Amino acid sequence: MSKRILSCMQPTNRLHLGNYLGALRNWVKLQDEGDNQCLYGVVDLHAITAGHDPAELGQATREIAAAYIAAGVDPAKSYIFVQSAVPAHAQLQWLFATQTPLGWLKRMTQFKDKAGKKQDLASLGLFGYPVLMAADILVYKATHVPVGDDQKQHLELTRDIAQSFNQHYCDGEEFFPLPEPVITGPATRVMSLRDGTAKMSKSADSDMTRINLTDDADTIAQKIRKAKTDPEPLPESVKDLESRAEADNLIGIYAALSDQNKETVLQQFGGKQFSDFKPALADLCVEKLAPITARMRELMNDPAELDSILKRGNDKANELAAPTIEETMRKLGFWS
C-alpha cells in the first residue's frame, strides 16, 4: 500500500549533524522506498511564532531547502515546498481552530516548555502551533509522519482533530486519514559535543556544541578535537558506554555515519585513547558531510535556480491541497 508521507523543518538557525542523521537521511530512504509519495516542507509560518528577524527569514528558508536537496531529497521524486507559499495551511488551521477544544491544547507539553513561566506573554500562534501542525499534515491527507519523541503528542492531537471532524461532518467516514507515525528503526539521537546528556540543538548558544551542515573541514576537525570527553580509554563493550555519555555520543556518531552498530565500532577502537579515535571520527565526518556542504554552497550561490525548484514544489503542493480545502469548506456549510 502506498504511503503519503509529510515531514517538515523550521527555517530557524542552521541544520546540523543531528538533523541529517535523525531526519534528512531517513527522508531520502523513504523517498526511494516503493511508491511512497513524500512531501518535505520548510515551515516558515511556524518559525514566526516566537519572534524572528524578517530580514533573515527568506534566506534561512532557502538554506533549509538547499540542505534538503544537498542531502539527497530529489525534487523530481518528492515535493519540496515552502509552507507560506501554500495558503491552504493557514486556511485549514483556522477551520480546525474553531473545532479544537482549549482543553486539548492546554495538555500540550511543548507549549509549556517553550513559553516557560511567561505563558501569559506567549503568542496565540505559539499556543495554537499544534493546530497548524495538524493542518500541515491533513491538508495533504498525509497517511504517515516521521516524528521524534517531542512531536508524538502533536501527532496524537492531529489524529484527534481528524477523527472529530470525520465524526461531526462526514457521518463517520474517513475524509481525513488518521496519520500514523513512521517507524524507521532505531533512532540516531545525536547529543551536544559539549554535554553528552543534552540533545544537539540549532538554538544552543555555543556553536561548538554542534556540527553544522555548512561547516568546512577544518571547523569540523576542530569541533571534534575539542568535544568533551573523559580521561579514560574508550570502553570495549556497549554496556560500559551507558555511564559515559560523551563517549557514547561520539561512538554513536561514528556508528551512524559508517552504517555500523556500536559493537562493531568498539571492536576497532575499544581500549584506545580519544586521541586515537577523534581524528578518525573527524575524517569520517568530513568524508560524509563535505559533499552536502559543497552542494548547499552551490545552490545558495544560484538563488534563481533554487527559487525555481521551490516554485515548482509550491505549485504541486497547492494543486494537491486545493481539493482538500474546497471539500472541507463545503462540509462545514460555507457558500460556494
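Kindly indicate whether any position in segment 59-68 is surrounded by fewer than 21 Cβ atoms within 10 Å (Cβ to Cβ), over 17 Å from the mean Cα position of the chain (by Cα) and within 30 Å of Pro291 (Cα to Cα). Yes.
Just one of the listed residues (Asp44, Asp74, Asp32, Asp53) is free of Cβ contacts under 8 Å to residues at least 60 places away in the same chain, within 18 Å of Gly125 (Cα to Cα) and surrounded by fewer than 19 Cβ atoms within 10 Å (Cβ to Cβ), and it is Asp53. The one condition from (1) at pLDDT 95 or above; (2) assigned by TED's automatic domain parsing to the domain that holds Arg25 that Ser192 does not meet is (2).
Okay, residues lined up against (1) surrounded by fewer than 13 Cβ atoms within 10 Å (Cβ to Cβ); (2) in a strand (DSSP E or B); (3) at pLDDT 95 or above:
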{"residue": "Gln99", "(1), (2), (3)": "no, no, no"}
{"residue": "Asp113", "(1), (2), (3)": "yes, no, no"}
{"residue": "Lys117", "(1), (2), (3)": "yes, no, no"}
{"residue": "Gly125", "(1), (2), (3)": "no, no, no"}
{"residue": "Ala135", "(1), (2), (3)": "no, no, yes"}
{"residue": "Tyr140", "(1), (2), (3)": "no, no, yes"}
{"residue": "His154", "(1), (2), (3)": "no, no, no"}
{"residue": "Asn166", "(1), (2), (3)": "no, no, yes"}
{"residue": "Pro181", "(1), (2), (3)": "no, yes, no"}
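For Glu33, which of the numbered conditions (1) touching a Leu at 6+ places or on another chain (Cβ under 6 Å); (2) among the charged types (D, E, K, R); (3) assigned to a loop (DSSP other than H, G, I, E, B) fails to hold? Failing condition for Glu33: (1).
Inclusion of Thr143 among residues that are within 21 Å of the chain's Cα centre (by Cα) and either among the polar types (S, T, N, Q) or not assigned by TED's automatic domain parsing to the domain that holds Leu30 (or both) is warranted.
Residues in segment 6-15 that are modelled with pLDDT of 95 or more and either in a helix (DSSP H, G or I) or closer than 24 Å to Asp259 by Cα (or both): Ser7 alone.
Just one of the numbered conditions (1) at pLDDT 95 or above; (2) under 25 Å from Thr293 (Cα atoms); (3) under 18 Å from the mean Cα position of the chain (by Cα) is not true of Gly18: (1). For first residues located in segment 248-269 and closer than 15 Å to Ala280 by Cα and not assigned by TED's automatic domain parsing to the domain that holds Glu236, partners that are buried (at least 20 other Cβ atoms within 10 Å of the Cβ) and acidic (Asp, Glu) and lie 6+ apart or on another chain with Cβ distances below 9 Å do not occur. Of the set (1) outside any helix (DSSP H, G or I); (2) closer than 20 Å to Glu156 by Cβ, all apply to Val131 but (1). Residues in segment 193-229 that are under 19 Å from Glu287 (Cβ atoms) and surrounded by fewer than 18 Cβ atoms within 10 Å (Cβ to Cβ): Asp216, Ala217, Asp218, Thr219, Gln222, Arg225.
I'd like to know if segment 177-195 contains one or more residues that are among the small types (Gly, Ala, Ser), at positive phi and more than 22 Å from the chain's Cα centre (by Cα).
No, segment 177-195 has no match at all.
Here Gln260 clears all of (1) over 26 Å from Ala23 (Cα atoms); (2) out of contact with any Asp or Glu (no Cβ under 6 Å at 6 or more places or on another chain); (3) outside any helix (DSSP H, G or I) except the condition numbered (1).
Within the set Leu289, Leu266, Leu234, the sole residue that is crowded, with 19+ Cβ neighbours inside 10 Å and under 25 Å from Ile64 (Cβ atoms) turns out to be Leu289.
The values are calculated or read from the model by the stated rules, or taken from the named source; none is laboratory data. None of the values given here were measured: they were computed from a predicted structure. So basically every Cβ, Gly included, is an ideal-geometry build from the backbone, and we count neighbours across all protein chains shown.
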